[in-house]
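Each remark here refers to the structure printed beneath this line.
Only the coordinates and a few stated rules stand behind these numbers; no lab work does. Note that the coordinates shown come from a computational prediction; the quantities given were computed from them, not determined experimentally. Here the Cβ positions follow ideal geometry from the backbone for every residue, glycine too, while neighbour counts run over all protein chains shown.
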Amino acid sequence: MRHVTDGSRDAAIVNATISLARAFRLDVIAEGVETAEQLAFLLAHGCREVQGYYFSPPVSADRATELVAKGQFELPQAPRLPPGLSLQSRTNTPRS
């Protein structure tokens with residue numbers, strides 16, 4: 001994820017991976033998101049599930065369960081997104 005916003009080959013690899021997964025109707029979860037720019041890049045290229053230090057450092061399973069149960073999340077300020085994109089929160093939304 002480190003170089004996806006600087007026009008490097010990393011950006012092409014990430015974009016191709018997202019495109020391939022979408023072609024097979026697979027979910028893509030990007031790991032290692034550390035900046036608003038990385039998040040904006042991923043959202044602009046169709047990746048809607050992300051994790052990384054931008055949102056939180058790692059926590060234990062017990063602590064994660066506690067945070068989910070209490071609904072206590074301190075998300076960073078949303079990045080500036082390209083027109084037509086939105087950041088939709090799935091906080092506390094169970095997956096079926």
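Here are the numbers:
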| read-out | value |
| --- | --- |
| Asp27-Ser60 pseudo-label distance in nm [points 7 Å out on the Cα-to-Cβ vector] | 2.6 nm |
| Three semi-axes of the equivalent ellipsoid, the stretch 9-70, Cα gyration tensor, whole Å, largest first | 26, 14, 9 |
| Cα-centre dipole for the stretch 9-70 with unit charges at Cβ (Lys and Arg positive, Asp and Glu negative), debye to 20 | 220 debye |
